[in-house]
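Here's the structure we're looking at; comments come further down.
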Amino acid sequence: MLISFDWLKQLIHIDKTAEETGVLLTNAGLEVEAIHNFDVVQGGLAGIVIGEVLTCERHPEADRLSITTVDIGADTPSQIVCGAPNVAAGQKVVVATVNSTLYPTAGEPFKIKKSKIRGAVSEGMICAEDEIGIGESHAGIMVLDTELPNGTPAAEFFGLASDKVFEIGLTPNRADAASHFGVARDLQALLKTPVQLPKVGNFKVGNISRTIAVEVENTEACPRYAGVTITGLKVGPSPEWLQRRLRAIGLSPINNVVDVTNYVLHELGQPLHAFDADKIQGNQIVVKTMAEGTIFKTLDGVERKLKATDLMICDAEAPMAIAGVFGGEESGVTAQTTSIFIESAYFSADWVRRTGMAHGLKTDASFRFERGTDPHMVILALKRAALLVQEVAGGEVSSGLVDVYPEPIENREILLNIERTHRLIGQYIGVERIKTILTDLGIFITGESDTHLALSVPPFKVDVTREADVVEEILRIYGFNHIEMEENLATTYLAKFPKPYAEDVVETIMSYIAANGFHEIITNSITNSNYYKHVGEEQGLVQVVNYNSEDLDVLRKHMVFSGLEVLRRNINRRQRDLRLFELGKVYEQLEDGSTRESRRLAFYMTGNLTAESWKQPSLKVAFHDLAGLVQNVLRKLNAGDFEVQPLSANPYMRQGIAYAKNGTVLAELGLLDAGLTRYMEVKEQVWYADLNWDYLLKKYKDRLVAVELAKFPEVRRDLSLVLDKQVSFEEVKQLAFRVERKLLQEVNVFDVYEGDKIEAGKKAYALSFTLLDKQQTLTDKVIESVMQRLMQQFEKQLGAFIRK
């Protein structure tokens, strides 16, 4: 947002420099990111002053030159050689001093130097209007009629003084400061100087010959609508002062009527719109919505299909403008316009934001309406605009002032606890100081006791809705820099953190995964609904209402697509051996309309597990590489024994498994469907795992504890079992742990054989069993007893044959 310093000074007396004012505003929460110079004419007439010709004599060496002495406000007069025929003693003239730079109307800029002309010293230049860039005449030097003292900057005489322009990084919560008046209101509290609002007391109705009726059908979207008609005006260029004000804040002048609406918008923060009154059919304005798909051509010449939720300003026959966003091509002001209807309204921020997002339109008006404008400013701004239009374009107010405001918006009532205010600020600043700040900010004090202040907060303070917001307003004006910091800071409250703290568990697991060669990724939770339509999973998607792009219109329901986007980008840049993980949120809309949010831990593996080298060939990533990591993560969380189950119906993976416990799926992992990866333009196989992180963290985080290493040695024994092919290793493992719960630590399969050396329909497992007694060293007798019991049960329950 750009704010003109000179414009500000029209609203409030400021006795500080632009730089000092910028510091004040920044400390109060309106961060001045930069201060720019704005010159009405190039160079700003720097170094050009008013002087008085004291003497004038012909140059002895040139008939057309004169040698003058000129008083330019310095200690001694300057001698200047001048070639103008009209120069004479006693004149007030414009002088370019030595080292100043001239920017002529035509030609290149040049610097004034002390020089000799035909042997005579010349210390400056007496200028014509084209030589300083304010006109085209070169008939002679400018002769001024002024009583200004010699040495006065010429820019002051011509009203062309350079302006300073603040570039303010306006935060979304400061809608009240989106104008020169809004910034001046903060300065009022900072400088203890009252703001001078524009005077509109001389507004008067000339006649009522062009009254236009107004009907508001949707008062939710438009709580207040006002307007007035002006006839007999002439559309043309704006006067120089108005153009200069708009150019200073980066706007291009259009015509006197449109320029006035823009001027009032940036002065008071109230958007306005001017319609050609002769184009308003039926002398009637109706504020309403239109049927879905209605075609409407906006001022930029684009035909747009309206939404059923777009609020429109219509006449008796057709729409004329998108309320609070953009005008229509047919009803706009042109050079032929002689009568206008000026609209000043208060539109709902939600309605304007939804419409602007739907049509991709961002204007100065919608910027303010979306954040919240002041319903109390509607009439003042309307009168201000009407008076300015009459000043710059002529005409007469030809209707009564229409104001449709069925339910006035009331101030918010907030009770401020004085003791708590001082505690939140961090030091005692006094009740009177608090009251002064609040009053200067436009907040009314309606009641007072020893402990509380009853406040009435005007609606222009959009972000002030509770006591804490009021304290923030007080503190930013009082000044954060004025809060004394104690040498030893302390707190009156310490939050209780659960042990183990959940985020510590997260950090431990994330560090473990990274240590296994995985890179963490962080992706956007907002994604493309077309992904889910492709796999038939659009049911339950959480829609983004005001999305910026068609590619980002829903919250993700699953982690898979955001990870595939990262894989695609990296693979396209020849980074093919990838091991990635992400801990992120997914969202699902339930049947009752509520939204469920949960965290998932996702893994992605593709390419080679090991790089090619002279010592060994490269190895492709395989299922067990991912399964081993997932199992280890579950073990790190002490999830205990979990079951291996077939993968349930899954649109993302065509083959894989699930780990479950007590009927709850802890993780799913497998190979992503080839059709899905092709759709996402990922040309490699992708192994994928999805862990139910919220459940795991809630259920098992308390089990993540450090344990002492066993003091006694563990023992390994191997067995070779011949089993039916349909018997899985998981069944063998579960049976082993049922038989021996105390000493058995781990069961591992290190070889699988199927071939002609064993019976058809059979397979052979080579298994290792790890035994450990934490209380004593295992004896051969105990070990043999455990192994005998295991073999007996394998033979009895699984029909196994023990190979010797």
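The values are calculated or read from the model by the stated rules, or taken from the named source; none is laboratory data. Model, not experiment: these values are computed from the prediction. Here Cβ is always computed from backbone atoms with ideal geometry, including for glycine, and neighbour counts include all displayed protein chains. Calculation scope for accessible area: heavy atoms of the full protein, side chains included, ligands and nucleic acids excluded. Shrake-Rupley method; radii C 1.70, N 1.55, O 1.52, S 1.80 Å.
For the reader, a short list of remarks on this structure follows.
- Test: residue in the range 271-284 that is farther than 30 Å from residue 166 by Cβ, among the basic types (Lys, Arg) and part of a strand (DSSP E or B): no
- Test for residue 540: is it over 27 Å from the mean Cα position of the chain (by Cα), more than 23 Å from residue 686 (Cα to Cα) and either surrounded by fewer than 20 Cβ atoms within 10 Å (Cβ to Cβ) or at pLDDT 90 or above (or both): yes
- Of all the criteria given as (1) out of contact with any Phe, Trp or Tyr (no Cβ under 6 Å at 6 or more places or on another chain); (2) farther than 30 Å from residue 553 by Cβ; (3) modelled with pLDDT of 90 or more, the one not satisfied by residue 521 is (2).
- Count of the range 56-79 residues which are surrounded by fewer than 17 Cβ atoms within 10 Å (Cβ to Cβ) and in contact with a Lys or Arg (Cβ under 7 Å, 6 or more places away or on another chain): 2
- Residue in the range 73-82 that is under 19 Å from residue 56 (Cβ atoms) and free of Cβ contacts under 8 Å to residues at least 40 places away in the same chain present: yes
- The sole residue among 772, 735 that is surrounded by 15 or more Cβ atoms within 10 Å (Cβ to Cβ) and in contact with a strand residue (DSSP E or B) (Cβ under 9 Å, 6 or more places away or on another chain) is 772.
- Residue 707 vs. criteria crowded, with 16+ Cβ neighbours inside 10 Å and either at pLDDT 85 or above or part of a loop (DSSP other than H, G, I, E, B) (or both): no
- Among residues of the range 427-466, those that are of a type in the set (Asp, Glu), outside any helix (DSSP H, G or I) and either within 25 Å of residue 346 (Cβ to Cβ) or open to solvent by less than 20 Å² (accessible area, probe 1.4 Å) (or both), counted: 1
- Sole residue being over 52 Å from the mean Cα position of the chain (by Cα) and open to solvent by less than 60 Å² (accessible area, probe 1.4 Å), chosen from 49, 32, 53: 53
- Evaluation of residue 416 against the conditions (1) in contact with a Leu (Cβ under 6 Å, 6 or more places away or on another chain); (2) on the phi > 0 side of the Ramachandran plot shows that the sole unmet condition is (2).
- Helices (runs of 4 or more DSSP H) wholly inside the range 338-414 that include at least 3 residues being in contact with a strand residue (DSSP E or B) (Cβ under 8 Å, 6 or more places away or on another chain): 349-359, 378-393
- Of all residues in the range 254-270 being over 29 Å from the mean Cα position of the chain (by Cα) and assigned to a loop (DSSP other than H, G, I, E, B), the one that is nearest to residue 396 (Cα to Cα): 255
- Of all residues in the range 103-162, those that are within 19 Å of residue 87 (Cα to Cα), of a type in the set (Val, Ile, Thr) and open to solvent by 30 Å² or more (accessible area, probe 1.4 Å) total 3.
- Matching entry among 391, 396 (being without any contact (Cβ under 8 Å) to a residue 12 or more places away in the chain and either open to solvent by 30 Å² or more (accessible area, probe 1.4 Å) or touching a Cys at 6+ places or on another chain (Cβ under 6 Å) (or both)): 391
- Selected residue (criterion: surrounded by the most Cβ atoms within 10 Å (Cβ to Cβ)) from residues of the range 293-345 that are among the basic types (Lys, Arg) and under 16 Å from residue 357 (Cα atoms): 304
- Filtered residue count, the range 669-691, keeping only those that are surrounded by fewer than 20 Cβ atoms within 10 Å (Cβ to Cβ), in contact (Cβ under 8 Å) with a residue 40 or more places away in the chain and under 36 Å from the mean Cα position of the chain (by Cα): 4
- When each of 617, 646 is tested for being open to solvent by 90 Å² or more (accessible area, probe 1.4 Å), under 28 Å from residue 763 (Cβ atoms) and without any contact (Cβ under 8 Å) to a residue 12 or more places away in the chain, the lone residue that passes is 617.
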